[in-house]
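Written below as structure tokens is the structure these notes are about.
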Amino acid sequence: MIEGDLTVEPGDVVRFVFTVRNAGSEVVDLEYPDSCHADFAVFDGDERRWRWSEGRAFMQVIERETLDPGETTTYEGEWPSPDSGTFTARAELRARERTCEAEREFSV
């Protein structure tokens, strides 16, 4: 079982840190279909305002990562030119056959 936590650091650039933790007692194997391991999006209500992966290209290579029980891994992203307002940030793990998301409200 994996759990996620999202930290948001607002400013001239909004920084996102997505921490994924193996909360179970068994080893967790994560397999990614490309070099994008996590994605970040910003919402204003139901409207998506920004997505980290949009317009980016990723290496098409299968990558793997193993998390022992209690072990964490982190993924980071930045919104370089944020709008002003109050938003909800969502981070999503992009591993095959594993889901993990985290959300956090923030203001710029």
Enumerate by residue number the trypsin sites (Lys or Arg not before Pro) in region 17-108 meeting two conditions: DSSP loop (anything except H, G, I, E, B), and at most 13 other Cβ atoms within 10 Å of the site's Cβ.
Arg56, Arg96
Please give me the summed charge of the neighbours of Asp83: other residues whose Cβ is under 13 Å from its Cβ, Lys and Arg +1, Asp and Glu -1.
-1
Give the long-range amide H neighbours of Ser53: residues separated by 5 or more places, or on another chain, with amide H under 5 Å away, using H modelled in the peptide plane at 1.01 Å from N.
Phe40
How far is it, in nm, from the label point at Ser53 to the one at Asp12 when both lie 7 Å from their Cα along the line to the Cβ?
3.0 nm
Can you pull a Stokes-Einstein diffusion coefficient for region 25-64 at 37 °C (0.692 mPa s), Rh from Kirkwood over Cα pairs, as a whole number of µm²/s?
267 µm²/s
Across region 2-107, what fraction of all alpha-carbon pairs, as a whole percent, falls in each successive 10 Å bin from zero upward?
15, 45, 30, 10, 0
Only Cα pairs within less than 10 Å get springs; with that Gaussian network setup on the chain, which residue of Asp46, Asp34, Asp12 has the largest fluctuation?
Asp46
I'd like the GluC sites (Glu not before Pro) in region 35-92 restricted to DSSP loop residues with at most 14 other Cβ atoms within 10 Å, sorted by number.
Glu54, Glu71
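Throughout, read-outs are computed from the coordinates displayed, never taken from laboratory work. For clarity, every value in this text was computed on a predicted model and none was experimentally measured. Please note: Cβ atoms are built from the backbone with ideal geometry, for glycine as well, and neighbour counts cover all protein chains shown.
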